[in-house]
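For reference, the structure discussed in these notes is given below.
The values are calculated or read from the model by the stated rules, or taken from the named source; none is laboratory data. Treat the numbers as computed from the prediction; the structure is a model and nothing was measured. So basically every Cβ, Gly included, is an ideal-geometry build from the backbone, and we count neighbours across all protein chains shown. SASA here: full protein model, heavy atoms, side chains in, ligands and nucleic acids out. Shrake-Rupley method; radii C 1.70, N 1.55, O 1.52, S 1.80 Å.
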Amino acid sequence: MSNILAENLSDKSVMGSDGTELGLLHNITMDLKSGKLHDLVVDPHEDVPTHTVDFDVDDRGRFLVPVNRVQAVKDYIVVKR
């Protein structure tokens with residue numbers, strides 16, 4: 001995967017590999033010691049029920065998508081479902 005500046009990812013739409021629009025990227029978590037990225041924090045679309053998504057959810061109802069599930073970053077961030 002090519003290098004992408006984090007500022008270019010802000011508010012980018014996140015889509016499942018099945019074509020479902022999951023929401024907008026809110027943030028990315030990382031390990032401060034190693035610099036390894038952990039999760040995409042996604043603000044879900046209102047019409048996506050959280051019980052139908054197999055990602056963890058934070059205390060604000062945002063999806064925590066492991067970065068190893070990212071398949072592509074173009075017009076959307078596509079994640080494996």
Relative contact order for the stretch 13-79, counting Cα pairs under 8 Å that sit 6 or more residues apart, in percent: 31 percent
Charge dipole (the chain, unit charges on Cβ, about Cα centre) - positive-most of V70, V41, G23: V70
Per DSSP, loop GluC sites (Glu not before Pro) in the chain with at most 11 further Cβ within 10 Å: E46
Long-range HN-HN contacts of K12 with modeled amide H, under 5 Å: L25
Computed over the chain, Cα set: Rg, Dmax in Å: 12.0, 37
Efficiency of FRET between M30 and K74 - r from beta-carbon atoms, R0 22 angstrom, step 0.05: 0.50
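Pop out the carbon and sulfur fraction of the accessible area of the chain as a percent, whole number, probe 1.4 Å.
47 percent
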